[in-house]
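Presented below is the structure to which this report refers.
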Amino acid sequence: MREGDAMREAETKTLVRGIVESTPGMPIAVIGLSLALYASESARMSSFQSVQSGSLATAVPSIVAIAVLGAIVLAYRARPMFRLHRHMAAGLVVAGLLAASVLFVTGMATIPQFEALMFLTRCVRRTCELLLMLCWAEVLIPLGARKTAVAFALALLSLGCLNALSTLFKEGSMYTLLALVPLLSIACLYWFKDRTRSIDYYRPDDDADPRAQFAIDRSLMSGSVSRASMTLVFLLPLACYSFVFGNVHFSWVPNQDGSITSLSIQLAAAAGTVLAGLLLLVLVARFWGRRRLELYNLFMLPLLVLTLYLTDLLGGSLSFLYVAPLNVVQKLVLFLMWVMPFLVPSERSPMAVWGCALALYQTGKALSTATSGISDTELYTIAAIGVVMALIVANIVGIMLDRGGQYAPDPGVSQPGEIPQDDPPKPPDADLYDDLARQYRLTRREKEILRLLAEGMTAGAIAETLVVSTSTAKSHMRNIYAKLDVHTQSELVLLVHRRQG
């Protein structure tokens, strides 16, 4: 048994090391993403502040933020070049507004005449938190599903450590650090982006270390995907999960005492976050694949029910006992949200799917915040239990609707003891390239290069095949990426694969 555990640990380390080594600047990306997650969760840290109870008024900033996020995602379809991470000024404005809103809320919270301005500031803060996450999604998701998953899992480990360290700071110094967090996160984002600017044309050589063969990730792709099934199993449950999280979250808010209980709650949240990160690393290494991800709910649902039971059973100084499992389930759900563009079929940019997933998750939180203020707490608990039942039904129906064969193996899923590598892509029909060329107005040369890119060829290989210079090949590649609204070769392969399926 111990030997098997050692083998699994070695395989997990091999996967993580291979992905980190094959992606320039990945450690900086992990730090930046953890800071973005930290900024979005800072309002729920109880060791240095009093967390607000839920009510309709406290839910309005989240509703405003969801509306702004939806408008921006829709704007991407009309103007593909309007991506926040492509414009440094836009990213810095988002980070600066978030930092300013944190400082303003801290300094003006006790002045009644600034109540209306405080409400506006909270709206700005919540909106900027989501936009900062959007910037990171735009940069990380084009790297592929497995790289995104590993980066998110490592970010959770870092986030848990940050949550624990936050308990050591006093209130004044803590808010100063919170104001710096978004600025540091956006700095990491643009450093990572500049570092990986050449990753659009990056693919390890055939003779390189096999651990580094992760450039084009097709491990979650499948031509037999049912959109209705994936929506029921992965997408819609995001709102249900987050609604139940709110039920547990607002159960410990009245137990804050500004001392030991508040400290234990935040430490329990940190421990749950670290545990979730470690669990995700093992799952990504040993339990990876689209159909296997469907079974994640079999783990999350019982743990969520247990958390609800502990919430009703415990209270006061024992609140930390259900905060830890709550954070484990919450982070697993956030992980599914981050890989959602690779699970739900979409002919357009995967950012539309990710934006929809984030909006659904935030909608569930807003509904929970708005309804938690009702006087009948038993009714609120019954509503949470009803949502759990709806989750179970949605998963059963979703799996039944998947006609692709429930037990069919996933493409790109490695067997135990085997280093996950990319399978060679299947060349699409020539008609597909003709359709893509007409739809996106590609020239004859661009259509030819598109086919070579879909086959996994690098800029150097394309230049050698077409007898042109590497700079000319790269210039054509940039034009193709701009016309198809993709950013990397892996995202282009994803688009072609889905059009083929």
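The values are calculated or read from the model by the stated rules, or taken from the named source; none is laboratory data. Everything quoted here is computed from the prediction, not taken from an experiment. Using ideal geometry, Cβ is built from the backbone for each residue, glycine included, and neighbour counts are taken over all protein chains shown. What goes into the accessible areas is simple: the full protein's heavy atoms, side chains included, and nothing from ligands, DNA or RNA. Shrake-Rupley method; radii C 1.70, N 1.55, O 1.52, S 1.80 Å.
Applying the Karplus parametrisation 6.51 cos²θ - 1.76 cosθ + 1.60 with θ = phi - 60° to the phi angles of the stretch 321-330, what ³J(HN,Hα) value in whole Hz is obtained for each residue in order, glycine and proline being reported as x?
With coefficients 6.51, -1.76 and 1.60, one gets 5, 9, 6, 4, x, 4, 5, 4, 5, 4 Hz.
What part of the accessible area of the stretch 12-165, given as a whole %, is carbon or sulfur when the probe is 1.4 angstrom?
On the way: 4170 of 5740 Å².
Exposed carbon and sulfur together represent 73 percent of the surface.
Provide the packing ranking of 82-92, 54-64, 31-41, i.e. peptides ordered by the mean count of other C-beta atoms within 10 Å per residue, highest first.
Highest-to-lowest ranking by the protection proxy: 31-41, 54-64, 82-92.
When the accessible area of the stretch 237-328 is split by element with a 1.4 Å probe, what percent falls to carbon and sulfur?
About 75 percent, which is the carbon plus sulfur part of the accessible surface.
How large is the Kirkwood hydrodynamic radius of the stretch 116-202, counting all unique pairs of alpha carbons, in Å? Walk me through the intermediate numbers first.
Details: mean 1/r = 0.0659 Å⁻¹.
About 15.2 Å, per the Kirkwood formula over Cα pairs.
What distance in nm lies between label points placed 7 Å from Cα along the C-beta direction at Arg44 and Phe169?
Going from the Arg44 label point to the Phe169 one covers 1.9 nm.
Students often check this: by mean Cβ neighbours within 10 Å, which of 125-137, 437-449 ranks highest, and how do the rest follow?
Result, highest mean first: 125-137, 437-449.
Hey, which of these cross-link pairs are over 20 Å Cα-Cα: Lys193/Lys447; Lys170/Lys365; Lys147/Lys331?
Working: Lys193/Lys447 27 Å; Lys170/Lys365 28 Å; Lys147/Lys331 17 Å.
Violating the 20 Å Cα-Cα cut-off are Lys193/Lys447; Lys170/Lys365.
For the stretch 454-494, report the accessible area per residue in Å² (1.4 Å probe, heavy atoms, rounded to an integer).
Working: 1560 Å² over 41 residues.
That works out to 38 Å² for each residue.
What's the FRET efficiency of Thr465 with Glu115 using the Cβ-Cβ distance as r and R₀ = 56 Å, to the nearest 0.05? List each step's numbers first, then the result.
On the way: r = 66 Å, r/R0 = 1.18.
So, using R0 = 56 Å, E works out to roughly 0.25.
Between Ala57 and Ser259, what's the calculated FRET efficiency when r is the beta-carbon distance and R0 is 35 Å? Round to 0.05.
The formula returns an efficiency of 0.80 here.
How far apart, in nm, are two points set 7 Å out from the Cα along the Cα-to-Cβ line at Ser475 and at Phe299?
Computed distance between label sites Ser475 and Phe299 equals 5.0 nm.
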